[in-house]
Amino acid sequence: MENIATALIAIGFLMLFQPFALSLYTYSFITMLAGTVMFIIVSKFPE
Amino acid sequence: MLNRTAENVARATPEPLARKVRGISDKGLAWLFISPTILLLLAINIFPLFWAIYLSFTNYRANRPNEVVKNLGFANYQRILGDQDIWIAMQTTAHFVFWTILLQTLIGFTLAWLIDRKFRGHAFWTTLILVPMMLSPAVVGNFWRFLYEPQIGLFSYVISFVSGIPPTSIQMLSNVSLAPWSIIIVDTWMWTPYVMLICLAGLRSIPEYIYEAAEVDRASNWRQFWSITLPMALPFIMLAVLFRGIENFKMFDMVNLLTGGGPGSTTEVASITLKRQAFESWRTGYSSAFAIILFVAVFGLANIYVKALNKVKQR
């Protein structure tokens with residue numbers, strides 16, 4: 001789960017700063033936010 | 001000696017206060033000591049964050065405090081994430097962050113590696129290299145403006161001397177393609193010493209006996225660098241990249257002093273756009289939403305970066 005959250009943050013981050021498509025930029029924040037919230041929650045789970 | 005001091009303190013404590021303190025447990029006493037710090041942290045960090053989150057959903061304008069504040073829902077976020085100008089500002093920020101971090105890490109690590117050779121006078125050179133980092137960004141911005149002057153600037157003169165191009169045609173701050181690089185050069189000049197200092201700490205923490213063992217195994221200098229120096233200094237390099245990355249994402253002072261976001265909007269990084277929206281257009285709610293987007297980006301990236309850093313440290 002933590003890896004999925006990390007991937008979501010990374011993808012969202014790249015979407016936010018990429019110069020290719022405005023639509024990717026539009027959905028970057030929600031992707032990043034979902035990843036960050038997920039990361040905060042799953043990082044509290046015991047390994 | 002210590003016991004006597006403690007006894008003196010106990011004796012000097014006024015009786016009403018002593019009676020109050022006597023009933024507090026160790027945990028309570030610990031909370032008593034850290035509560036002022038926690039309160040300060042809540043007041044200057046946590047409260048403004050939550051207040052900005054609240055404002056980001058409204059049409060609040062700081063220059064019209066008596067106007068009725070309307071709840072706009074996610075409208076501010078939708079507007080920002082569909083705005084082409086802000087998208088371009090994000091790309092400018094990314095360009096700026098990428099090149100400054102790359103240059104600062106490469107030059108900073110090389111300098112640290114050279115300083116770690118412990119040649120004659122290395123302490124003097126370390127101090128000299130650290131000077132730019134100690135200067136105020138306002139001072140650095142202003143004197144680099146003079147250095148970049150096409151007529152009288154030393155930078156233009158040196159470039160002209162090396163390349164043969166007349167100094168008047170080297171318009172570092174007003175040329176569209178050169179202006180972003182002028183800021184990258186100044187930021188690299190100022191903050192490379194900081195990266196060098198962190199890398200130097202990493203290099204100095206590598207035990208000497210590892211190199212001695214490598215020498216016994218007849219490992220070449222190149223092999224020692226790739227198999228010992230670089231992997232053991234990597235957590236420190238990553239830490240330096242994290243600190244500089246966070247700092248450069250909110251870079252404002254240098255850009256504002258050198259180009260002010262110009263020419264046109266070529267050097268308009270996200271923080272300059274944010275400042276214009278917040279304090280020139282007075283769109284407080286809108287700029288709060290923009291600030292939250294940037295916060296989530298940096299916070300998310302810092303999270304995964306710290307995770308990677310911990311993995312490297314565990315190796």
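Per-structure values
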| item | result |
| --- | --- |
| Within the protein assembly as shown: Cβ-based charge dipole about Cα centre, in debye rounded to nearest 20 (Lys, Arg +1; Asp, Glu -1) | 820 debye |
| Stretch gain in nm, segment B:PHE299-B:PHE98, where the contour uses 0.36 nm per residue and the Cα spacing is subtracted | 70.6 nm |
| Whole-number percent relative contact order across chain B, with pairs defined as alpha carbons under 8 Å at least 6 apart | 27 percent |
| Cut-off under 5 Å, modelled amide H: who pairs with B:THR58 long-range | B:LEU72 |
| Surface/4 estimate of mean projected area, convex hull on alpha-carbon atoms of region B:75-314, nm² | 16.3 nm² |
| Peptide ranges B:161-171, B:286-296, B:74-84, B:110-120 listed from the most packed, as the mean C-beta count within 10 angstrom indicates | B:286-296, B:74-84, B:110-120, B:161-171 |
| Listed residues B:PRO180, B:PRO132, B:PRO36, most fluctuating in chain B (Gaussian network, C-alpha, under 10 Å) | B:PRO36 |
| Zone residues, region B:182-200, relative to B:VAL312, backbone N less than 15 Å from point 7 Å out along Cα-to-Cβ | B:195-200 |
| Spin-label model distance (nm) - B:TRP226 vs B:TRP125, 7 Å beyond Cα toward Cβ | 2.6 nm |
| Potential extension, B:LYS250-B:ILE107 segment - 0.36 nm per residue separation minus Cα distance | 49.3 nm |
| FRET E, pair B:SER174, B:LYS275, Förster distance 25 Å, beta-carbon r, rounded to 0.05 | 0.75 |
| Extension gain from B:VAL139 to B:VAL69, taking 0.36 nm per residue of separation minus the Cα-Cα distance | 21.2 nm |
| 222 nm mean residue ellipticity, helices alone, for the protein assembly as shown (DSSP H n ≥ 4; -39,500 (n - 2.57); rounded to 500) | -23000 deg cm²/dmol |
| Cα lying deepest toward the dipole's positive end in chain B, options B:LEU147, B:SER160, B:ALA201, charges on Cβ | B:ALA201 |
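Just so you know, all these numbers are worked out from the coordinates, no wet-lab data involved. A quick note: this is a predicted structure, and the numbers were derived from the prediction, not measured. Note that we place each Cβ from the backbone using ideal geometry, even for glycine, and neighbour counts take in every protein chain shown.
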